[in-house]
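Computed from the coordinates by the stated procedures, all read-outs in this text should not be read as laboratory data. Not measured: the values here are computed from a predicted model. Neighbour counts are summed over all protein chains in view; Cβ atoms, including those assigned to glycine, are modelled from backbone coordinates with ideal geometry.
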Amino acid sequence: MSAPRSLLVAIITVTSLALTTGPAWAEPDTRPPTMPSDLKVSQLTATTVTFDWQPSTDDSGPVRYDVRVASGGWEAIALGTSQLFGGFDAGTSYQASVRAVDPAGNRSEPALIGFTTLSWSVPAPPTPGNLRAVISAGRLQSIAWDAVPDSGAVTYSLYSGSSFVAGAVGTQLTAAHLINNECVEPGSTHSLTVRAVGVDGQLSGQSAPLTVTFPLA
């Protein structure tokens, strides 16, 4: 028995609607955000710089910012409109860029800026000498060095290779302090150097190295 004509028409109509009103596929987002505007240096020292800028706009959602300083490997992803970098050489010129990146990965044109770090206001302190291990009863007690002659307030930084270990106000650090504060591992061996730190943060040269093995806890 064949279906009534009215039922066939209804089935065809519903099927046609299903084919023509299926899910709509959005076009891929290929439009980049606007370029960050009003890029400026808001704070500057001999070794640090802070950038500020006005936010970009994008029709697909919030953006993040790819911030870079050329010739040195300074890179950061900023979620806001400010970024601090450190570790620059004093009195040196650099170029920086900021790009907005949208959720689809589209990147804006870069906002560019040049800057020159400040020069040190005073000379670097002298290099500490006579870095030595203080031994008592066959056991390492402390690491010591001679004070540097300097007219300002000087502190000291102890390094293992190129890695910072600990800071000191005086001219020694005890082995117990370094171990208890997890600056070094008990029983570990290090090639140590010390540098003086001037009142404005400028570092002296590195002392001659000293190789020591710290006692077991």
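Packing order of peptides 29-35, 57-63, highest average first: 29-35, 57-63 (average count of other Cβ atoms within 10 Å over each peptide's residues). In the chain, one over the average inverse separation of all distinct C-alpha pairs is 22.8 Å, which is the Kirkwood hydrodynamic radius. Sorted fewest first by neighbouring Cβ atoms within 10 angstrom, 88, 51, 164 come out as 164, 88, 51. Subtracting the Cα-Cα distance of residue 60 and residue 120 from their residue separation scaled by 0.36 nm leaves 17.0 nm.
As a length-normalised measure over Cα pairs under 8 Å and 6 or more apart, the relative contact order of the stretch 37-116 settles at 31 percent.
The Cα-based radius of gyration of the stretch 133-217, divided by its Kirkwood radius, gives an Rg/Rh of 0.97. Computed from Cα positions, the angle between helix 5-20 and the longest principal axis of the chain comes to roughly 30 degrees.
The string of couplings for the stretch 204-210 from the Karplus curve (6.51, -1.76, 1.60, θ = phi - 60°) is 6, x, 7, 5, 4, x, 9 Hz, one whole number per residue in order, with x for Gly and Pro. Rounded, prolate or oblate for the stretch 99-174? Axes are the square roots of the Cα gyration tensor eigenvalues, ordered a ≥ b ≥ c, and the cut-off for rounded is a/c under 1.5. Oblate shape, in that a/c is at least 1.5 and b/c is the bigger or equal ratio.
What percent do you get for the relative contact order of the chain when only Cα pairs under 8 Å and 6+ apart count? Let's see the in-between values first.
Values: 448 pairs, mean separation 33.1, N = 217.
Once divided by the residue count of the chain, the mean separation gives 15 percent.
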